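Here, each number is a calculation from the coordinates, and none is a lab measurement. Here the structure is a predicted model, which is why all the values come from computation and not from measurement. All Cβ positions, glycine included, derive from the backbone under ideal geometry; neighbour counts span all protein chains shown.
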Amino acid sequence: MSLFLKNKRGRGASLRKKREPNALQQRLPQFRKALVSVLLLLVIVLAGLNSRTLIEDIAEQRIEYVVIEGELNRVTESDVQAAVFEFINRSMVAIDLIQIKAALESNAWINSARLRRKWPNTLIVNVTEEVPIARWGDNRLLNQEGRIFSPPSEQQLLNLAKLSGPEGSEARVMDQYQVFNQMLYPKNLRIASLSLNSRGAWSMQLSNEVTITVGSINPVARIRRFVRVYDELFGSQIAGIEGFDLRYEDGIAVRPKAQADTSLISMNSTEQ
């Protein structure tokens, strides 16, 4: 039985019997697959050889340059180099950045150090110095966060205010110092020393050697009251005053120089 189809022109068209592929045609797809596999294997082998060479090169790459970043005022480049060069006789991969960071931060003037590799041969060191705000006791310094650091004694800054207080109160004293300082500064009054005792009471001495006893209750409010009346009541007489006592609810006690008596000035007329 034959299959017969008509085309659009009405001509007959016979359906030819499909030919069976010969042996070569049957094996061609398998040959192509094998060829692709061989090529892929070759690529992998070559890539592996190149990768191995590249990895070996990276592993053996030495640090040739050290770049120091950050503003240095008290730390010298020699200080940084001395801390870094002890550890950089290794490859870029093997160098221990944590160890170098610890060595740098062992310098009392370095607050923090950050390190990073810059390929192929550079180590970048970023240094942040400590900024001393005040002295703590006789031979230590405080930064803005109230953290103690102890540079060599010959590098102490004796012109800074001296703060003191119970152990563990450093941050609290620093915060209070900055608040008091901002309040007194507009009156041209500078704090030379500020002390917090074990009972929580504050006292200070100004750079003009005038003492101020603040006490423990509402110290900021007491300083604010003192500042409010300073120009009117004390500004022109400050050279003859030895100290003030702010612990009175309705007034300020004034102790003149070279006199044992203390006078109390009422604040009722000046405060609302």
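Starting from residues that are buried (at least 16 other Cβ atoms within 10 Å of the Cβ) and not hydroxyl-bearing (S, T, Y), keep the ones in the stretch 158-173 and report whichever is nearest to the chain's Cα centre (by Cα).
Out of the qualifying residues, it is E170.
Taking the stretch 112-139 only, how many residues are touching a helix residue (DSSP H, G or I) at 6+ places or on another chain (Cβ under 9 Å) and either on the phi > 0 side of the Ramachandran plot or surrounded by 17 or more Cβ atoms within 10 Å (Cβ to Cβ) (or both)?
8
Which residues, counting only those in the stretch 69-99, are β-branched (V, I, T), within 26 Å of G146 (Cα to Cα) and free of Cβ contacts under 8 Å to residues at least 40 places away in the same chain?
The answer is T76, I98.
Only one of these is surrounded by 14 or more Cβ atoms within 10 Å (Cβ to Cβ) and more than 17 Å from R135 (Cβ to Cβ): P219, P186. Name it. Don't jump to the end; show me each part of the working.
Working: P186 fails: surrounded by 14 or more Cβ atoms within 10 Å (Cβ to Cβ).
The unique qualifying residue is P219.
Note down all Cβ pairs under 7 Å where the first residue falls in the stretch 213-227 and is at positive phi and without any contact (Cβ under 8 Å) to a residue 60 or more places away in the chain, the second is charged (D, E, K, R) and part of a helix (DSSP H, G or I), and they're at least six residues apart or on different chains.
Listed pairs, sorted by first residue: G215/R222.
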